[in-house]
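Enquirer: Here it is, the structure, as structure tokens.
The values are calculated or read from the model by the stated rules, or taken from the named source; none is laboratory data. For clarity, every value in this text was computed on a predicted model and none was experimentally measured. As a convention, Cβ positions derive from the backbone with ideal geometry for all residues, glycine included, and neighbour counts pool all protein chains shown.
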Amino acid sequence: MPLGSLIDFNHPVIRKALPLLLRDKTTGRNMKSGMYIAEIVKRLFRSSRMQTLYPDDARRLKHIFEKQVYGLAPTEIIYRIALAYVLGFAEDLKIEKNNLRKFDALPAAKAGTLETELDRLFGGDTKSNSSDGCSRER
């Protein structure tokens, strides 16, 4: 499983473990198609705990995409494929904010600048411009 495609990079434990993860050659750093992330979203969405915390489906999805699922795609085509696969599940529900980004993590990991790049990609992106973060088309 590509561990690097679903990590809350702002979590202190992950920040501490990140250098060790990046040395492990079996750890995936990028999304390939979005299938893994879609499965994680599905499991989170169906979780009884999440249903209790967020009984409204739209608000639950908003929380999952804003706070729990992160992914990096190394190329534009993979990014677009992953976005379509992960976010294209319901035409009437628009996820306005997510943490899926087009970014090839390998060069930054090799250069030792991945943490800085991740801060740039995700660190300042904690405030939503919309009040709800998702909307339904009518």
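Enquirer: Which of the strands (runs of 3 or more DSSP E) contained wholly in the stretch 36-106 include at least 2 residues that are crowded, with 17+ Cβ neighbours inside 10 Å? Lay out the reasoning, then the answer.
Expert: Values: elements: 70-73, 93-95, 99-102.
Ranges flagged: 70-73, 99-102.
Enquirer: Consider the stretch 36-77. How many of its residues are of a type in the set (K, R), under 16 Å from E96 (Cβ atoms) and within 16 Å of the chain's Cα centre (by Cα)? Walk me through how you get there before you give the answer.
Expert: Step one: of the stretch 36-77, the residues of a type in the set (K, R) are 42-43, 46, 49, 59-60, 62, 67.
Then drop every residue that is not under 16 Å from E96 (Cβ atoms), which leaves 59-60, 62, 67.
After this cut, where a residue has to be within 16 Å of the chain's Cα centre (by Cα) as well, the list is 60, 62, 67.
Qualifying residue count, the stretch 36-77: 3.
Enquirer: May I pose another question? Restricting to the stretch 75-115, give me the number of residues that are touching a strand residue (DSSP E or B) at 6+ places or on another chain (Cβ under 8 Å), hydrophobic (A, V, I, L, M, F, W, C) and modelled with pLDDT under 85.
Expert: Going through the stretch 75-115 one residue at a time, the tally reaches 2.
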